[in-house]
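Report on the following structure.
The values are calculated or read from the model by the stated rules, or taken from the named source; none is laboratory data. Everything numeric in this text was worked out from a predicted model, so none of it was measured. Please note: Cβ atoms are built from the backbone with ideal geometry, for glycine as well, and neighbour counts cover all protein chains shown. Calculation scope for accessible area: heavy atoms of the full protein, side chains included, ligands and nucleic acids excluded. Shrake-Rupley method; radii C 1.70, N 1.55, O 1.52, S 1.80 Å.
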Amino acid sequence: MVGLGAMPGYGIQSMLKEGHRHLSGLEEAVLKNIDACRELSAITRTSLGPNGMNKMVINHLDKLFVTNDAVTIVNELEVQHPAAKILVLAGRAQQEEIGDGANLTISFAGELLEKAEELIRMGLHPSEIIIGYTKAINKAIEILEDLVEKGSENMDVRNKEEVVLRMRSAVASKQFGQEDILCALVADACMQVCPKNPANFNVDNVRVAKLVGCGLHNSTVVRGMVLKNDAVGSIKRAEKAKIAVFAGGVDTSATETKGTVLIHSAEQLENYAKTEEAKVEELIKAVADSGAKVIVSGAAVGDMALHFCERYKLMVLKISSKFELRRFCRTTGAVAILKLSQPNADELGHADSVSVEEIGGARVTVVKNEEGGNSVATVVLRGSTDSILDDLERAVDDGVNTYKSMCRDSRIIPGAAATEIELAKRLKEFSLKETGLDQYAIAKFAESFEMVPRTISENAGLNAMEIISSLYAEHAAGNTKVGIDLEEGVCKDVSVLKIWDLYVTKFFALKYSADAVCTVLRVDQIIMAKPAGGPRRDAQPGGGMDED
C-alpha cells in the first residue's frame, strides 16, 4: 500500500516537473505582469524630456553609469521579469531602428498598461481592451500623418540649418542647454561623410573620440580619424603621405616548420645574424621604395624592423583593434596587406597629414583627409569627467541616428508635447463616435498621451495640471502647434520655439509601444520551469560547496 506522500500531485502538478511555477488568471498573471511593466516605466519616465533626471546604475561588473538615456538604463538593469522584458525589447527595437525615442516607447507602454489595469478592474476583458487599443493606434497613426508640417518632406540633407532644426530635440533630450553646440558639431560631421545618395548614410562613419579635459566648447570635428595612441618610433609627423597597412604586424616572421641550424664558428654566427638584418632591411626598403611614408601595423612592431623604419624615415603607427584598422583603411583608401612585403601602388592609402598631437595631456594621432572622398569624420569631445563624456557620446549618437533617419524620411511634426495633446484630443473625439465596449479602451488610450506633457512639465518642476489644461484650451481653439516652453514654463507655438520631432521617431515609438502592450495583455498564464542547475552567475566562488 502506497502512502499518500508518494502520490503524484493533482492537476497541473502531476503533469509538469517539480519545482515549476504556474501563475494563471487575471489577478496572478495579467495584473502582476502589468505591475512589473509599470515599475520599469516608472524608472525611465523621470528621465523623459530635456529636464529628465539622471540615473546612477552600477552593473554586475561594478561599472558606473550616470545617464538619462533609457536604453542604457534598461540594458544595464538586467531585467528578469518576462513581461517587463517585452518592454525592454520594444525600447531596444526603437533604439536600433531610429536611435531616439526609446524612453517614449517604454514610458508610453507603461502608461497604456496602467490604464488597461483600470479598465480590467472596471470589468472589461483584456481582449476587448486589445481590440480598442488596436483601433486607437491605427487612428493615431492616421492623425499623425495629418500633423506633418507642410513642405518638410523634401529637405536638403547638406543644408546645416535644416539638419540642426530636425536634430535639436533629439540632442536636447539628452543634453539640455548644450544642444546648439552639439548639433553644430554633429551636423558638420554627418554632412562631411554623407554619400552622394543620402539613403546610404552609414552611422559607423561618424566616430567619437573622448578626451578628458577642457569643456564642451573646446570640442571639434576632424575630417578623418583620431587614434588614441602615440606613434611608435621618433617620427611624429608626415604630410601628404602614402600609407601602407599591414594587418599581420611588422616583424620578422617565424617559419612554419621547425629547423635546426648548426653553427661551427663565430663568423658563421655573425653572418647568420647579418642575414636576418639584411632580410628585414630589404623588406622595409621595399616598402619605402613604393613611396609609402607611413606604415600602419595591426600587431606588434619588432625592434629591428622599427630600427630600419627610422633609418628610412618611415612613420610607424600601431592599431591593435581589428575594427579600427578597417575604419582606418576606409578613411585612407588603403588595402590591408597580410604580411610584410612590397605593396602595389593601388594598395597604398593616402592622407593629407598624419601627426601626433597632445590634447589635454593625452597623445593622439590625427589622420586628416581634407579633400573630398572622405568617408570618416571624428567628433573630438572634451569634458571634465568620464561619465560626462559618456553621456555626451550618447547625445552625439542620437544626433547621428536622427540624421540617418532624416536622410530616409525628413517629415517633421510639432515637438514639445504639442503632437501628443492633439492626438489625445482627436482620439477622445473618435472614442465618442464608437459604440461597443472598446470605446472605453480608446478613451483610455487617448488619456495615456497626457503622460508626455505631464512628465515633461513635472521633470521641469512646473505645475502639470495647469500646463495640460492650458494646452487643451489652446488646441481646442484650433492652435494645433502649441507646446510647452520649458524655459518660461508657459505654452507657446512650437514653430516659434523651433522644436520639431521627426515623424518616423514618433511613428515607430507609438507602434512599438502599442505592440508591446497588446503582447503583454494577451498573456493569461505564466508557466515557468525550474531554473537549470549549475552554479549561479552571481554566486560567490567557493560558496554553495559542501563543508567537507
Out of everything in the range 144-158 that is open to solvent by 80 Å² or more (accessible area, probe 1.4 Å) and modelled with pLDDT of 85 or more, what residue ends up being nearest to Phe507 (Cα to Cα)? Glu145
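This table checks each residue for (1) part of a helix (DSSP H, G or I); (2) surrounded by 14 or more Cβ atoms within 10 Å (Cβ to Cβ); (3) modelled with pLDDT of 85 or more; (4) in contact with an Asp or Glu (Cβ under 6 Å, 6 or more places away or on another chain).
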| residue | (1), (2), (3), (4) |
| --- | --- |
| Asp180 | yes, no, yes, no |
| Cys183 | yes, yes, yes, no |
| Met191 | yes, yes, yes, no |
| Arg223 | no, yes, no, yes |
| Lys242 | no, yes, yes, no |
| Ser253 | no, no, no, no |
| Thr257 | no, no, no, no |
Considering every residue within the range 42-58, establish whether at least one is under 20 Å from Phe508 (Cβ atoms), in a helix (DSSP H, G or I) and either within 23 Å of the chain's Cα centre (by Cα) or in the same structural domain as Gly436 (by the TED database) (or both). yes
Exclusive hit being at pLDDT 90 or above, more than 15 Å from the chain's Cα centre (by Cα), surrounded by 22 or more Cβ atoms within 10 Å (Cβ to Cβ) and closer than 17 Å to Leu427 by Cβ, set Glu118, Glu111: Glu111
Spans of helices (runs of 4 or more DSSP H) in the range 261-344 with at least 1 residues under 34 Å from the mean Cα position of the chain (by Cα): 322-332
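Considering His264, His307, which residue is open to solvent by 90 Å² or more (accessible area, probe 1.4 Å) and touching a helix residue (DSSP H, G or I) at 6+ places or on another chain (Cβ under 9 Å)?
Details: His264 fails: touching a helix residue (DSSP H, G or I) at 6+ places or on another chain (Cβ under 9 Å).
The conditions single out His307.
If only one of Val335, Val380, Val301 is in contact with a helix residue (DSSP H, G or I) (Cβ under 6 Å, 6 or more places away or on another chain) and aliphatic (A, V, I, L, M), which one is it? Give the steps one after another, and end with the answer.
Numbers: Val380 fails: in contact with a helix residue (DSSP H, G or I) (Cβ under 6 Å, 6 or more places away or on another chain); Val301 fails: in contact with a helix residue (DSSP H, G or I) (Cβ under 6 Å, 6 or more places away or on another chain).
The match here is Val335.
Please state which one of Ala209, Ala187, Ala273 is open to solvent by less than 70 Å² (accessible area, probe 1.4 Å), modelled with pLDDT of 85 or more and more than 25 Å from Ser320 (Cβ to Cβ).
Numbers: Ala209 fails: more than 25 Å from Ser320 (Cβ to Cβ); Ala273 fails: modelled with pLDDT of 85 or more.
It is Ala187.
Which one of these is aliphatic (A, V, I, L, M), open to solvent by 10 Å² or more (accessible area, probe 1.4 Å), in a helix (DSSP H, G or I) and in the same structural domain as Gln94 (by the TED database): Leu423, Leu432? Talk me through it step by step, then tell me what you get.
Details: Leu423 fails: open to solvent by 10 Å² or more (accessible area, probe 1.4 Å).
Criteria check complete, one pass: Leu432.
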Starting from residues that are free of Cβ contacts under 8 Å to residues at least 24 places away in the same chain and touching a Phe, Trp or Tyr at 6+ places or on another chain (Cβ under 8 Å), keep the ones in the range 210-266 and report whichever is farthest from Lys339 (Cα to Cα). Ile263
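Looking at the structure I just gave you, is Glu161 part of a helix (DSSP H, G or I), of a type in the set (D, E, K, R), surrounded by fewer than 21 Cβ atoms within 10 Å (Cβ to Cβ) and touching a residue at least 60 places away in the same chain (Cβ under 8 Å)? Outline the logic, then answer.
Numbers: part of a helix (DSSP H, G or I): yes; of a type in the set (D, E, K, R): yes; surrounded by fewer than 21 Cβ atoms within 10 Å (Cβ to Cβ): yes; touching a residue at least 60 places away in the same chain (Cβ under 8 Å): no.
Spelling it out, it is not the case that Glu161 is part of a helix (DSSP H, G or I), of a type in the set (D, E, K, R), surrounded by fewer than 21 Cβ atoms within 10 Å (Cβ to Cβ) and touching a residue at least 60 places away in the same chain (Cβ under 8 Å).
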In the range 506-546, what residues are open to solvent by less than 80 Å² (accessible area, probe 1.4 Å) and at pLDDT below 75? Gly533, Gly534, Ala539, Gly542, Gly543
Given (1) surrounded by fewer than 22 Cβ atoms within 10 Å (Cβ to Cβ); (2) at pLDDT below 85, number of the condition Tyr312 does not satisfy: (2)
So Val396 ticks every box in (1) touching a residue at least 12 places away in the same chain (Cβ under 8 Å); (2) out of contact with any helix residue (DSSP H, G or I) (no Cβ under 6 Å at 6 or more places or on another chain); (3) over 30 Å from Ile468 (Cα atoms) but one. Which box is left unticked? (2)
